[in-house]
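Reading through the structure tokens given below for one structure.
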Amino acid sequence: MKKVLVLNGPNLNLLGQREPAQYGSDTLATVEVLCKEVGERLGVEVECRQSNHEGVLIDWIHEAGREIAAGTLLGVVMNPGAFTHTSIALHDAIKGASVTLIELHISNVHARESFRHHSYISPAARGIIVGLGIKGYALAIDALVQVSQAK
Ligand code: DQA
């Protein structure tokens, strides 16, 4: 069975307690259950990981690139958190490792502070899902499966 990797970046471990007006009251554990349920429905294995550390996320992107090349991974769904707006290194990792990646944000970053309007990830992403709450994870997994089957 092919796999999808769901990566969550900094502070997403605080989902549920963190700014509920922006991110809702569901926890990361709930998000991960939702992702696995979508995977079962679509016939793909879903693995979820979260890190607050940029280098760890970069290592996981490199690993994903090797698994995509080996044909065992379809691609990555990633909520890069605040690294979205700062990390040229994540941009380079996604491009350098040729990773098919859907960028996802729970909140509508374009309706928030101007420093959230720019993403270093978007130019390296296959597609972007923004502002649809945690349902965006399900939509992103579905989209990743569809674009990688169309390849
Ligand atoms: C976020 C939006 C980012 O601007 C913020 O730094 C996050 C979460 C979102 O899911 O809406 O940590 O990626």
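The values are calculated or read from the model by the stated rules, or taken from the named source; none is laboratory data. These numbers were taken from a predicted model, which means no experiment stands behind them. Note that we place each Cβ from the backbone using ideal geometry, even for glycine, and neighbour counts take in every protein chain shown. Please note that ligands, DNA and RNA were not included when accessible areas were found on the heavy atoms of the full protein model with its side chains. Shrake-Rupley method; radii C 1.70, N 1.55, O 1.52, S 1.80 Å.
Some observations on this one:
- Pick from the stretch 98-123, criterion buried (at least 21 other Cβ atoms within 10 Å of the Cβ) and hydrophobic (A, V, I, L, M, F, W, C), ranking: farthest from the ligand (Cβ to nearest atom): V99
- So E67, is it acidic (D, E), open to solvent by 70 Å² or more (accessible area, probe 1.4 Å) and either under 13 Å from the mean Cα position of the chain (by Cα) or at pLDDT 95 or above (or both): no
- The listed residues are A97, A143, and the only one of them that is within 14 Å of the chain's Cα centre (by Cα) and in contact (Cβ under 8 Å) with a residue 24 or more places away in the chain turns out to be A143.
- Scanning the stretch 15-36 for residues that are of a type outside the set (F, W, Y), in a helix (DSSP H, G or I) and either touching a strand residue (DSSP E or B) at 6+ places or on another chain (Cβ under 7 Å) or in contact (Cβ under 8 Å) with a residue 12 or more places away in the chain (or both) yields Q22, L28, T30, V31, E32, L34, C35, K36.
- For the stretch 66-94, filtering for residues that are small (G, A, S), at negative phi and within 9 Å of the ligand (Cβ to nearest atom) leaves 1.
- G55 vs. criteria surrounded by 13 or more Cβ atoms within 10 Å (Cβ to Cβ) and among the small types (G, A, S): no
- Here E47 qualifies as surrounded by 14 or more Cβ atoms within 10 Å (Cβ to Cβ), under 16 Å from the mean Cα position of the chain (by Cα) and not in a helix (DSSP H, G or I).
- Selection from the stretch 88-109 of residues that are in contact with a strand residue (DSSP E or B) (Cβ under 9 Å, 6 or more places away or on another chain) and not in a strand (DSSP E or B): L90, I94, V99, T100, I106, S107, N108, V109
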